[in-house]
Amino acid sequence: MIGAGLSVRLKTKFIAAMLAAMSMLPAYQASSAEVEGVRLWRAPDHTRLVFDLDGPAEHKLFMLSNPDRVVIDVSGAKLVTGIDELPLTDTPIAGVRHAVKDKRDLRVVLDLKQPVNPRSFALRRHEQLPDRLVIDLHDRDKVEEKTIEQVQVSGKRDIVVAIDAGHGGEDPGALGPGGLREKDVVLAISRYLQKSIDRHSGFSAKLVRTGDYYIPLRERVKKGRQLRADLFVSIHADAFTRKDARGAGIYAVSSRGATSETARFLAQRENESDLIGGAGSLSLSDKDDTLAGVLLDLAMTATMNASLDIGGSVLRSLGSFTHLHKKKVEQANFSVLRNPDVPSILVETGFITNPQEARRLRDPSFQKRMAEKLSEGIVAHFTSRPPAGSWLAANGDRIDRKHTISRGDTLSGIAARYNISVADLKRANGMQTSMIRVGQTLTIPSG
């Protein structure tokens, strides 16, 4: 008992000593942050304002009316950059003011032209990106644009291709020599791809990202479903630690990604089950868990197989034009590929970290040619396997396709790609021999 009492007294003295020592420490002061940059992007349905900070900082956001304003208070922050040159045209922001509040906090006031729904969040430092405070101003009462305009030709729909240019806005993607940014390269290729696909009868291409702004990965996938796309194509430019890594590549979702997406949809089926099957042809709301899981698994498996088939056609087309990093379609658990009812592929157009490939990726003529080859592979697949109910399914046997010879092409290889015989190919082009030349355009007869 004596020993126990001694132990308690020692503990009490130790705690008292610690408290005394702590009382002598200076009071904690939150470190002040500097706002080193302010950037702004306009998206179709919202405006994003980003504050670049040299460290984390607390903030508060609230709205005032008469007139409409958004107020952002950043604790202990100091503005060390200009904000007078922000591109406010076509945004709901009429002007930006700032002041020091309570002699220590930064207050930024956004004067508005119209009411908005604001949202704010902080992002911690990541790789080359600093700490950031993000302010999203979502448009109110915006007339929702039709997400799909499937052109009807004699009662038959177009084949819709959703083109997703990766990254955007405050997310530049991978960086190449001379300040080359992945987000700029892939948007340029995506625009060329849209034009190339739209030139083909029975096809309609839609851009998921139409400008320099960021779209969350889940929203990109959702847009593909809203478009009721027959194919979702995500365009990227690869990066690697070794500068000699090179070549284009095609990815489809892995079985692991398909499995995880099945589980996610099953968990959220009350909200998203109506989207399964594109036009809502499969409803899970009245199915028990076991049956719903089986139906989702079947849908994901069919979608994954279709993605691999389309990816193979695109890869063969790219291989006749540029070096391939891998000779087959690879599979990976990319978030943008996890679409249960839309076949999806991710295209790595080249390694932006390779100086030689970066020069090509920067070149508009290469970007256009890359897009044409992507289009060629996509059109070849759907022409040989047109979806039921499409204009192409009803008219494909009356359409002659075109193929421009690239380095590495052979007559037998072209015939195999379009599922026709070499004899039919030669007959359609009046050829007596199998000799072809780079740049020559061949007519591809219906299979």
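Consider ALA188 carefully, then state whether it is in a loop (DSSP other than H, G, I, E, B), within 22 Å of SER375 (Cβ to Cβ) and of a type outside the set (Val, Ile, Thr). Answer is no for this residue. Mind checking which residues of the range 352-369 are closer than 23 Å to GLY312 by Cα and open to solvent by 10 Å² or more (accessible area, probe 1.4 Å)? Residues satisfying the conditions are GLU357, PHE366, GLN367, LYS368, ARG369. Give the number of residues within the range 191-211 that are buried (at least 20 other Cβ atoms within 10 Å of the Cβ) and assigned to a loop (DSSP other than H, G, I, E, B). Result for the range 191-211: 4. Scanning the range 413-426 for residues that are farther than 25 Å from ALA371 by Cβ and surrounded by 12 or more Cβ atoms within 10 Å (Cβ to Cβ) gives SER421, VAL422, ASP424, LYS426.
From PRO87, PRO92, PRO118, PRO56, which residue is touching a residue at least 24 places away in the same chain (Cβ under 8 Å), farther than 13 Å from ALA33 by Cα and open to solvent by 70 Å² or more (accessible area, probe 1.4 Å)? It would help to see each step written out before you state the result.
Numbers: PRO92 fails: open to solvent by 70 Å² or more (accessible area, probe 1.4 Å); PRO118 fails: open to solvent by 70 Å² or more (accessible area, probe 1.4 Å); PRO56 fails: farther than 13 Å from ALA33 by Cα.
The unique qualifying residue is PRO87.
Please specify each residue of the range 156-185 satisfying the condition of being closer than 26 Å to PHE382 by Cα, charged (D, E, K, R) and assigned to a loop (DSSP other than H, G, I, E, B).
Matches in the range 156-185: ASP158 only.
Exactly one residue out of LEU361, LEU392 is within 24 Å of ILE310 (Cβ to Cβ), touching a Pro at 6+ places or on another chain (Cβ under 7 Å) and assigned to a helix (DSSP H, G or I): that is LEU392. Contact map, the range 187-209: first residue at positive phi, second residue surrounded by fewer than 24 Cβ atoms within 10 Å (Cβ to Cβ) and in a strand (DSSP E or B), Cβ cut-off under 7 Å, separation 6 or more or different chains; pairs are GLY202/SER390.
On inspection, SER320 does not qualify as more than 24 Å from GLY179 (Cα to Cα), modelled with pLDDT of 90 or more and open to solvent by less than 30 Å² (accessible area, probe 1.4 Å).
The values are calculated or read from the model by the stated rules, or taken from the named source; none is laboratory data. Since this is a predicted model, take the numbers as computed values, not measurements. Glycine also receives a Cβ, built like all others from the backbone with ideal geometry; neighbour counts cover every protein chain displayed. For the accessible areas, the whole protein counts, side chains as well, though only heavy atoms, and no ligand, DNA or RNA atoms are used. Shrake-Rupley method; radii C 1.70, N 1.55, O 1.52, S 1.80 Å.
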